[in-house]
Amino acid sequence: MGEAGIRHIVILGGGTAGWMTAAALSRALHGSGRTITLVESDEIGTIGVGEATIPTIHWFNQIVGLDEGEFIRETKATYKLGIQFTGWNGEGSAYLHPFGTFGPPGDGVMFLHRLIRARLDGMVAATEDFSLTAQAARAGRFATPVSDPRSLRSTLGYAYHFDAGLYARYLRRHAEARGVARIEGKVARVDQDPESGCVTRLVTERGDEVAGELFIDCSGLRGLLIEQTLGAGFEDWTQWLPCDRAWAAPSAAETEVIPYTRATAAEAGWRWRIPLQHRTGNGYVYASRFQDDDAARQSLLGALGEEPIAEPRLIRFLPGKRKRAWVKNVVAIGLSSGFLEPLESTSIHLIQSGIAKLLALFPRRGDDPLVAEQFDRVFGREMLDVRDFLVLHYKMTAGRDEPLWRYCRDMPIPDTLTYRIDQFRASGRLVLSTDELFRDASWFAVMDGQGIRPADYNPMIETISEADNRRHVEAVRAAIAQAVTQLPPLPLPSDMGKA
């Protein structure tokens, strides 16, 4: 691969992953003299399982240089304040995983222990009462977080629902304006260096040759470069995440947009409902070993309660990750690196996380084994952490007796997740590393929502009496109830993105 280093970067595949990668690299490498070429075919469709994000999307949009108002208009976005899980503890049950934090500003993890203590002392209160974000979502109100650490509004958090196809198109314009070249066509041949095995060029069906020193595989689940060419290997996680298919169908836009994703447990999986400005995204994620495709399709359409505006589309996937996401001079970004179902809207985050790690570890040579090893370590660790968070939802389900849910309750789970649950159940402690995507508030919301009740709390908060602690917690609840009334109403879809 020579001493000249990386001069030509080739991205295989467009869609969300390809154009996010192109937009970020073209911004970060502007002025370096490196070229970026993206090869994609209009004949190859994209997965587009979900159209929901988590708050880390703000970071990515900022590094690419997107204007929020323009982004909202171009992608038909709506605000998302969290995810509601309906029926996961039986019919009629529901809880919200809100973005943002619980309690007052600055108290963070310790407030969760104050709440646990008050409950053990007999206080009865809904967990949502202590999240301004949750209360705003329920009231249909919205405001962006403020930086003032004394304000309750600093505890707010939000992301977006948006049209992933429009987002890719929007990012493509930004990337091409910064010099990214796009070549249309299917790849017919992948050339490799006979000695090193590194990829040297892609050749399309019409004969275009695209050479480079660093190749980024955004070819989706098939992993044309990382797997079919370089044989990275795959870790199958279906023993913990049994859902392996989804039907997706859009319906008409809702007249009143609800500012959260809805994830409703069903007989062999769960259904999503995602409100956009111009339509509503619907889908049913299910386990094919517990329900056949035709029955699953009917389940989605039966629950929809309205005619879809397009034919339902079947998506097949295998939960898990590549054993290596960087092999020789190929880096896998997006679905080519693995797939974790859309239960917590992590697909787009994992794309941008892979991009962030590529930027942080950008190599002198595309086939640097030490860089590749570090990328695999940190990205693999993140995939494992997200996996455990998703498995938590399935394992701790109660009140459902369908075969899938009986399987999930009985299935052995990773030791890392067992340890987290045991720690929380015994002492209210949330055992997280500093680099994890989902923080204390998220783990607490789901553990609490799924019915795990701690038997104790951190004794460090015993500097005040039980009575004073309870008064403090009640005062926080009252302050949040008052603060939500001061937030403006959520904008109508027709007003989204206006200056």
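The values are calculated or read from the model by the stated rules, or taken from the named source; none is laboratory data. Keep in mind that this is a model prediction, so the values were computed, not measured. Here the Cβ is made from the backbone with ideal geometry for all residues, glycine too, and neighbour counts use every protein chain on show.
Listed values, structure above:
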item	result
Matching residues in region 317-371 - criterion: being closer than 24 Å to T261 by Cβ, part of a loop (DSSP other than H, G, I, E, B) and out of contact with any Asp or Glu (no Cβ under 8 Å at 6 or more places or on another chain)	L340, E341, S345, T346
Qualifying residue in region 408-420 (condition: touching a strand residue (DSSP E or B) at 6+ places or on another chain (Cβ under 6 Å) and part of a helix (DSSP H, G or I))	no
Within region 353-366, considering residues that are at pLDDT below 95 and crowded, with 17+ Cβ neighbours inside 10 Å, the one nearest to P319 (Cα to Cα)	G366
Filtered residues of region 230-270 (kept if surrounded by 21 or more Cβ atoms within 10 Å (Cβ to Cβ) and within 30 Å of G197 (Cβ to Cβ))	L230, A232, W237
Unmet criterion (only one of (1) surrounded by 15 or more Cβ atoms within 10 Å (Cβ to Cβ); (2) within 21 Å of I11 (Cβ to Cβ); (3) modelled with pLDDT under 95) for A52	(2)
Which listed residue is outside the structural domain of G338 (by TED's automatic domain parsing) and either small (G, A, S) or touching a residue at least 12 places away in the same chain (Cβ under 8 Å) (or both), from C243, C218	C243
Strands (runs of 3 or more DSSP E) contained entirely in region 188-283, each with at least 2 residues that are touching a Phe, Trp or Tyr at 6+ places or on another chain (Cβ under 9 Å), within 21 Å of T35 (Cα to Cα) and not charged (D, E, K, R)	199-204
Check on G45, crowded, with 23+ Cβ neighbours inside 10 Å, more than 17 Å from I226 (Cβ to Cβ) and modelled with pLDDT under 95	no
Residue in region 86-109 that is surrounded by the fewest Cβ atoms within 10 Å (Cβ to Cβ), counting only those that are at pLDDT 95 or above and among the aliphatic types (A, V, I, L, M)	A94
Residues located in region 453-499, provided they are within 27 Å of the chain's Cα centre (by Cα) and either within 30 Å of A398 (Cα to Cα) or among the aromatic types (F, W, Y) (or both)	R453
Whichever residue in region 373-413 is within 15 Å of the chain's Cα centre (by Cα), hydrophobic (A, V, I, L, M, F, W, C) and more than 30 Å from G92 (Cα to Cα) and, among such residues, is surrounded by the fewest Cβ atoms within 10 Å (Cβ to Cβ)	L384
Residue in region 323-348 that is surrounded by the most Cβ atoms within 10 Å (Cβ to Cβ), counting only those that are touching a strand residue (DSSP E or B) at 6+ places or on another chain (Cβ under 6 Å) and β-branched (V, I, T)	V331
